[in-house]
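**Student:** Here it is: the structure, laid out below.
The values are calculated or read from the model by the stated rules, or taken from the named source; none is laboratory data. Computed from a predicted structure; not experimentally measured. Here the Cβ positions follow ideal geometry from the backbone for every residue, glycine too, while neighbour counts run over all protein chains shown. Accessible surface areas use protein heavy atoms only, side chains included; no ligands, DNA or RNA. Shrake-Rupley method; radii C 1.70, N 1.55, O 1.52, S 1.80 Å.
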Amino acid sequence: MMLIFLGPPGAGKGTQAKRIEERHGLRQLSTGDMLRAARAAGTKIGLEAKAFMDRGDLVPDRVVIGAVEERIQNPDCARGVIFDGFPRNVAQAEALDAMLARLGKKLDAVIQLKVDDAVLVARQANRVKETLAAGQAVREDDKPEVLEHRLKVYHGQTAPLIAYYQGRGLLRVVDGMAAIDAVTASIEAALRK
Ligand code: AMP
């Protein structure tokens, strides 16, 4: 099964992807995690991505697309993948279509997690408070002004994918503001459709 989890930053894509991955034997593929790992390892990709990530901008398409294409050919992705945070714009979505066609695979569904911006801002303020209370450093892209920019980028560049996948009959909309278990149940129900 090939799935995309689509939604704004902080919508719970990662949390839900982890739950669904376990239940269905899929592999969660988070481009944000891949880029953070590349940064931590100090690779060329990581160094290139740093400034974009810290500002809350998208990392150039060729960097992300190349990394995804390499990653999905790993044997651990053979049973299926949940794309979490990819694609982030129409160019990436077209590249994914072409990539999957080359590999003889196709998308099964795109799960859109719908969450209002005000809820995302409140959730993030909570996270920052908890991080500080635990004596840990707040991630650069978790700062309020960066989140605001990330939301702008989401609405401008990523949200057009909703129409893109709706037009292909793949979109399933889920209320991401419900309790975590209820969201998981809605995703499971959407996958049975
Ligand atoms: P995330 O953890 O998915 O919110 O991603 C964190 C940051 O990594 C984003 O704000 C972007 O700078 C970068 N990033 C993650 N995925 C992508 C992608 N598909 N395309 C471009 N940049 C990305």
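**Student:** With the checklist (1) under 19 Å from Val146 (Cβ atoms); (2) open to solvent by less than 60 Å² (accessible area, probe 1.4 Å) in hand, flag the one item Arg39 doesn't pass.
**Tutor:** Arg39 satisfies every listed condition except (2).
**Student:** Can we say Glu48 is assigned to a helix (DSSP H, G or I), within 15 Å of the ligand (Cβ to nearest atom), open to solvent by 50 Å² or more (accessible area, probe 1.4 Å) and farther than 30 Å from Val138 by Cα?
**Tutor:** Taking the combined requirement at face value, the residue does not satisfy it.
**Student:** (1) away from the ligand (no atom under 13 Å from the Cβ); (2) farther than 26 Å from Gly167 by Cα: which one isn't true of Ala98, the others all being true?
**Tutor:** (2)
**Student:** Quick one: would you say Asp76 is of a type in the set (D, E, K, R) and either more than 22 Å from Gly104 (Cα to Cα) or in contact (Cβ under 8 Å) with a residue 60 or more places away in the chain (or both)?
**Tutor:** No, not satisfied.
**Student:** Among the candidates Ala91, Ala78, Ala17, which residue alone is open to solvent by 30 Å² or more (accessible area, probe 1.4 Å) and out of contact with any helix residue (DSSP H, G or I) (no Cβ under 8 Å at 6 or more places or on another chain)?
**Tutor:** Selected residue: Ala78, the only one of Ala91, Ala78, Ala17 that is open to solvent by 30 Å² or more (accessible area, probe 1.4 Å) and out of contact with any helix residue (DSSP H, G or I) (no Cβ under 8 Å at 6 or more places or on another chain).
**Student:** Within the group Leu58, Leu29, Leu3, which residue is open to solvent by 20 Å² or more (accessible area, probe 1.4 Å), of a type in the set (A, V, I, L, M) and not in a helix (DSSP H, G or I)?
**Tutor:** Within the list Leu58, Leu29, Leu3, the selection yields Leu58.
**Student:** Please list, ordered by first then second residue, the pairs with beta carbon atoms under 6 Å, 6 or more apart or interchain, first in region 44-68 and under 15 Å from Tyr154 (Cα atoms) and at pLDDT 95 or above, second of a type in the set (Val, Ile, Thr) and outside any helix (DSSP H, G or I).
**Tutor:** So the pair list comes out as Phe52/Val59.
The rows are residues; the columns are (1) more than 16 Å from the ligand (Cβ to nearest atom); (2) open to solvent by less than 20 Å² (accessible area, probe 1.4 Å); (3) part of a loop (DSSP other than H, G, I, E, B).
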position	(1), (2), (3)
Ala118	yes, no, no
Gln136	yes, no, yes
His149	no, no, no
Ile162	no, no, no
Val173	yes, no, no
Asp181	yes, no, no
Glu188	yes, no, no
